[in-house]
There are 2 protein chains.
Amino acid sequence: MNIGFIGLGVMGRPMAEHLIAAGHTLALHRVKDPSRHLVEQGGKSLGSARAVAEASDVIILMLPDTPDVETVLFGPDGVAEGLSRGKLVIDMSSISPVATKDFAGRIEALGCDYLDAPVSGGDVGAKNAALTIMVGGKRAVFDKALPLLQLMGKNITLVGDNGDGQTAKVANQIIVGLNIAAVAEALLFASKAGADPAKVREALMGGFAASRVLEVHGERMVKRTFDPGFRIRLHRKDLSLAVDAAKALNIALPNAAATQQLMNAAIARGDGDRDHSALIQTLEALAGDPG
Amino acid sequence: MNIGFIGLGVMGRPMAEHLIAAGHTLALHRVKDPSRHLVEQGGKSLGSARAVAEASDVIILMLPDTPDVETVLFGPDGVAEGLSRGKLVIDMSSISPVATKDFAGRIEALGCDYLDAPVSGGDVGAKNAALTIMVGGKRAVFDKALPLLQLMGKNITLVGDNGDGQTAKVANQIIVGLNIAAVAEALLFASKAGADPAKVREALMGGFAASRVLEVHGERMVKRTFDPGFRIRLHRKDLSLAVDAAKALNIALPNAAATQQLMNAAIARGDGDRDHSALIQTLEALAGDPG
């Protein structure tokens, strides 16, 4: 199949590799040095998002944030200018659910289909084609796209209509971020109260406090290994999506807002490119610890 | 063995039953109607905590809060007045770690041993002798008490010195409370953004958002079943221990504090005796929902 792929970063690059490896023809845009091998493997490097859309039946986006997706889709020489009836746009970026509903409507008005399909699982999940993919869109469009998504991920759920995939991703990032804050506050408390945080974590693993975050990020906090992983800078972006949407929807998300503030402080102290488990260091700094 | 047991509430009653069933002789205090059968089964009902301590080699407390433990231990006709060298006090209540260190020191000054051994697992865990027990104290004292603790619990950890069991319990309650707030904020967000919270929860179960709370309390939120379980009123007490200790230790626990505030609001709207998963209803009320 002719597939366009725009956004060849840490996540997009291995995802595009899986599509090429499965025999698909890829049209690419903005190919930089780390992605040069994709061209050697048969990918075509084109000069605009419009050209990618013209050359492809399915156009996949994997971009940093909402404005990037808007520009690539609807800016000058963008995807929308190259679309024709029956083509499919799959946005796998993590962006605003509200903007997504708007983007989907504008793409559908051109006679095309749209899926939002953000992922979780990080660069390791992308490399191992083991991403969790949360999809919003029509059932028939999802069924059509599923064989492609299965080349990149494993746990693939149609959550609902357009925007609902992004909503699920934001919900995911709320829970992961707040669970990290929970474990960080608990282990800091344990340590300052004079207990061994490693022993406390062990004692808690079998009970109601059990979580993937206590297991994985709790261990990073205890062992002081803060290499990403998932960068605080990116998680702050995701919590900003939550807090911005909360304002648009007039709902109060006090813990998401407090955790976003902590991430601001983490970035201020130079931890933006560390793993999100490094949030415990911000709490430690607030408690007077150097470091 | 001659065991004293003071605090025959929802938790203490089934715990005392397991000790009697294993052949131990129990001295009891403040036996009320729901515990009358313990006397029929051989328990001796005595007139004071002092009398219980005089009659027992090991005295177990299972009381609501720090002041209750202080009164029973050191008040008039309290346990301390009935102790003699070599006896053991095991406080299984969930109380202040800081106060616990003080209590332990005062009991040890009488030539006796002290363990703090708070539990998690709720009334179901108590009935099934499947409590998680987090212990603080000396290794030799822990080893001596272990056969008794094994009659009431399964996952039994010596976390460290006196106070560290209570510290682990507070850490547990921080994580559980904040994970509940996380799931509540995420599912409220999903619902208000137009997605089906049940589908969103499903999509998230396999990834980094996975937790016992997403599994158990998330299901209660989706199914709207808020019977306790564990009452918001009691969880607020536990978060108050965290927030009070944070003040004593000069550490900032912003999410624990925010969640404690939400629990205040939950109790204000009449949800104090509902399960802590009902915290989502407080967020819903803040978002303009009736109910």
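Residues that are within 16 Å of B:LYS87 (Cα to Cα) and in a loop (DSSP other than H, G, I, E, B) were ranked within the range B:135-154; the one that is nearest to the chain's Cα centre (by Cα) is B:GLY137. Just one residue in the set B:HIS37, B:HIS18 is over 21 Å from B:VAL72 (Cα atoms), surrounded by 16 or more Cβ atoms within 10 Å (Cβ to Cβ) and not aromatic (Phe, Trp, Tyr); that residue is B:HIS18.
Conditions tested, residue by residue: (1) buried (at least 20 other Cβ atoms within 10 Å of the Cβ); (2) farther than 19 Å from A:THR167 by Cβ; (3) modelled with pLDDT of 95 or more.
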| residue | (1), (2), (3) |
| --- | --- |
| B:LYS199 | no, no, yes |
| B:MET205 | no, no, no |
| B:SER211 | yes, yes, yes |
| B:MET221 | yes, no, yes |
| B:GLN261 | no, yes, yes |
| B:ALA266 | yes, yes, yes |
| B:ALA278 | yes, yes, yes |
| B:PRO290 | no, yes, no |
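Considering only residues in the range A:179-194 that are without any contact (Cβ under 8 Å) to a residue 12 or more places away in the chain and open to solvent by 10 Å² or more (accessible area, probe 1.4 Å), the one that is nearest to A:ILE267 (Cα to Cα) turns out to be A:SER191.
Only residues that are surrounded by 23 or more Cβ atoms within 10 Å (Cβ to Cβ) and small (Gly, Ala, Ser) were counted in the range B:233-243, giving 1. Determine, yes or no, whether A:LEU158 is more than 17 Å from the chain's Cα centre (by Cα), outside any helix (DSSP H, G or I) and either surrounded by 21 or more Cβ atoms within 10 Å (Cβ to Cβ) or touching a residue at least 24 places away in the same chain (Cβ under 8 Å) (or both). Against the criterion (more than 17 Å from the chain's Cα centre (by Cα), outside any helix (DSSP H, G or I) and either surrounded by 21 or more Cβ atoms within 10 Å (Cβ to Cβ) or touching a residue at least 24 places away in the same chain (Cβ under 8 Å) (or both)), A:LEU158 does not qualify. Screening B:GLY137 with (1) touching a residue at least 24 places away in the same chain (Cβ under 8 Å); (2) open to solvent by 40 Å² or more (accessible area, probe 1.4 Å); (3) more than 10 Å from chain A (Cβ to nearest Cβ) gives one miss only, at (2). Evaluated against (1) under 22 Å from A:LYS199 (Cα atoms); (2) surrounded by fewer than 24 Cβ atoms within 10 Å (Cβ to Cβ); (3) among the hydrophobic types (A, V, I, L, M, F, W, C), B:CYS112 falls short on exactly one condition, (1). Cβ separations smaller than 8 Å between residues 6+ apart or across chains give the following pairs from the range B:78-94 residues that are of a type in the set (Val, Ile, Thr) to residues that are assigned to a loop (DSSP other than H, G, I, E, B) and open to solvent by less than 10 Å² (accessible area, probe 1.4 Å): B:VAL89/B:CYS112; B:ILE90/B:ALA117.
Within the option set B:PHE230, B:PHE226, being within 21 Å of the chain's Cα centre (by Cα) and either open to solvent by 20 Å² or more (accessible area, probe 1.4 Å) or free of Cβ contacts under 8 Å to residues at least 40 places away in the same chain (or both) holds for one residue only, B:PHE230.
Hey, any hits in the range B:98-110 for a residue that's more than 15 Å from B:VAL69 (Cα to Cα) and out of contact with any strand residue (DSSP E or B) (no Cβ under 7 Å at 6 or more places or on another chain)? Within the range B:98-110, one or more residues are more than 15 Å from B:VAL69 (Cα to Cα) and out of contact with any strand residue (DSSP E or B) (no Cβ under 7 Å at 6 or more places or on another chain). Restricting attention to the range B:1-15 and to residues that are of a type outside the set (A, V, I, L, M, F, W, C) and farther than 23 Å from B:PHE230 by Cα, the residue that is farthest from the chain's Cα centre (by Cα) turns out to be B:ASN2. A count restricted to the range B:244-256 and to residues that are under 19 Å from the mean Cα position of the chain (by Cα) and surrounded by fewer than 20 Cβ atoms within 10 Å (Cβ to Cβ) stands at 1. Would you check if there is a residue in the range B:5-27 being of a type in the set (Val, Ile, Thr), in contact with a Gly (Cβ under 9 Å, 6 or more places away or on another chain) and at pLDDT below 95? Yes, that holds for at least one residue.
The values are calculated or read from the model by the stated rules, or taken from the named source; none is laboratory data. Since this is a predicted model, take the numbers as computed values, not measurements. Here Cβ is always computed from backbone atoms with ideal geometry, including for glycine, and neighbour counts include all displayed protein chains. Side chains included, ligands, DNA and RNA excluded: accessible areas come from the protein's heavy atoms. Shrake-Rupley method; radii C 1.70, N 1.55, O 1.52, S 1.80 Å.
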